[in-house]
Structures are given as C-alpha cells and as structure tokens.
Amino acid sequence: MIKFWNDHVLGNKPGCLYVSGSPGTGKTAMLAEIVRSHEDVVSALDSHKVKEVVINCMSIREPKGIYTKLVTELKTARQAVQSDVVKQAEQLLNGKKNVLNVVILDEIDHLITRDQDVLYKIFEWASSPASRLVLIGIANALDLTDRLLPRLRTKNCEPQLLDFNPYKVPEISAIIKDRLHSLDADSAAPKEGASLPLMQPNAVELCARKVAASMGDLRTALDVCRRAIELAEADWKRKNQQQKPVLGEQKNDAAPQQSKNVDIVKVAIPHIMKVLQSVFGSPAVQKLKQLNLQQKVVMGVLMVMMRNAKKEQITLGKVK
C-alpha cells in the first residue's frame, strides 16, 4: 500500500488499487494511517498538488449517486451541480494538470449495478494515461474484480490488487497484549516477563483463539476484551459493596489493610467465556448465521410450514 502511494500519489501518476479483505482486518485503518503519515510530504510537493476525497459508499442511496457526491466534493463554492453530473465529475477529475485527485471509496462494492456501468466508468477514468485520478477502492469481497468486472482486463483497466488476510491467533494475541501494556504509564516499552495489566494471559489466549477460529476480526476481539473488562469491573464493585461495614459499625483500625495490587481483579477465562457466549451464541446459532441466502429462505419456509402444518408431515414435495 505504501509502494502504491509512493508510485502514484507522490509520483504524480494515475492508477487504481483495489483493497479487499474480511471485516476487521485493518484495510481502512491502514490506509488512513498512510494518508496521515504522508501529510507533510504531500503538502511539500513542488511538482503537483494533491486533493484527497474520501467517500463511504454506504452513505449513498443508489450507485449512480456517486457522481453527484464526487462533484459536490470536488467543485468550488461558486460552481453549481449540472444536470449531466457524469460529465461534470469527469471534467473536475481531469480538469487541472497540476492537480492529482486521490479518491478513496470505502465499501466500493455498494456501487454494484446490474450492468456494472458505474464501476466500469470509475475504473476507466483512473486507467487512462491522461487521467488525473488515483482511485483506491476498499471492500470485503475478495473476488470483486474477477466476478463482476471481467471487461476491465480486456480494456487494460484492471486495478492493482491487495488482499488483507484474517488475523491469526499469535497476531490477535500480540495486538491485545500491546494495547494492554500501553495502559501502563510507568514504562514506555513492556519488559520481558512483565505482568499483563487488567487481563490474565490465558484469557487473552482464549479470546484470540475463539475470534481467529470464527472470522479473524480484530475489532471483535478488542470488543470482547472491552466487555470482559467491564464485566470484571462490575464483579469487583459488587464484591466491594458486600464487604462494606454495616452503618453504625466501627471500623477495626487494627485490621491489616489490603494492598491495592491484591485487590485488583483481572479478567479471567470465565469472564471471556461469558462474553463470547453472548457475542457468538450457541454452535447451532453460529451455523444458522453461516447459511447463504437461499438456505435461509428454505429454513424460513420450513418454519412457516411447521407452524401451519399442526400434525401433518412435511414432505419435500410440499416444500417445493
């Protein structure tokens, strides 16, 4: 991704990149970090100016609305949206030779139409030698260009492809531990063998294994840890309330005071298991969620027939 940014954005050369991968694998976050880290370099360019436009395609009601969105983002305050927004968008993208337009389309698969006219046109704009457009599309579908855009290859408009693989157990575990160690203000870098704040190591390992086996979504893993920490905190508060002295009872000053380190409750395996059960549900529920649309329709039909059948047997012929 950095190589593409250097070659095209900093190198003043049009092009297109399609970034794919499962949800929670860091596609959008990685690109946002590259854009942020190169801000000073981009602003100091003498050969050309760079104008960045970031659009989440889920915010657009229909695929052809992307043209109006592009015009709105690229036009000046004095310009008005014309009736032919497609032509106006192309003119704005290629209008100034000293300006390179970088358009980042997140969830680009929401621009899919029956004839794929919208996606063909956008990719063609970025593939023209005289273009002033660098297009970066991000989506979850791994085979979008092969499945929906077969003509791109024949027209020499095929984008560069970059796939983000799901996170594996060691990667998820390492990221969670790094986030937890960052909470320790006493040390900038964790020492080898240092105790893990807030969570037990085996709890982190269990969370990483369960999430990696399910989808490899890092956001889910971090959300499970957050909810488990909240659950452990609630348990700690409940135990402390139970240990409070009764009103009117004198405090025994001679009683030894508990150390703060002893009083800290860390997230353990039961906390993780409780959160995982609420997140993923039972194995049967997980299998139902993995069914495709046709299989879900059949299951729905069977449920309706079972409710109306009473004592009659349901046969394959009746389902058809």
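Some observations on this one:
- Value of relative contact order over the chain, rounded to a whole percent, pairs C-alpha under 8 Å and six or more apart: 19
- Take the Cα of Ser47, go 7 Å toward its beta carbon, and the backbone nitrogen atoms of segment 1-32 under 16 Å from that spot belong to 3-15.
- Residue pairs, from the table Lys49/Lys121; Lys13/Lys210; Lys210/Lys239; Lys121/Lys296, whose Cα atoms sit over 32 Å apart: Lys13/Lys210; Lys121/Lys296
- Coordinate range of the alpha-carbon atoms in segment 9-51 per principal axis, descending: 38, 21, 13 Å.
- Dipole of the chain [Lys/Arg +1, Asp/Glu -1 at C-beta], most positive-end residue of Ile229, Val319, Gln82: Val319
- nm² value of the averaged projected area, convex hull over the Cα atoms of the chain: 29.8
- Protection proxy ranking of 295-301, 266-272, 28-34 - average other beta-carbon atoms within 10 Å, highest first: 266-272, 28-34, 295-301
- 222 nm mean residue ellipticity, helices alone, for the chain (DSSP H n ≥ 4; -39,500 (n - 2.57); rounded to 500): -14000 deg cm²/dmol
- Rounded, prolate or oblate (a/c below 1.5 giving rounded, otherwise prolate when a/b exceeds b/c) for segment 78-192 by Cα gyration tensor: prolate
None of the figures in this text is laboratory data; all of them are computed from the coordinates on show. Quick caveat: nothing in here was measured; it's all calculated off a predicted structure. Neighbour counts run over all protein chains shown; Cβ positions are idealised from the backbone, glycine included.
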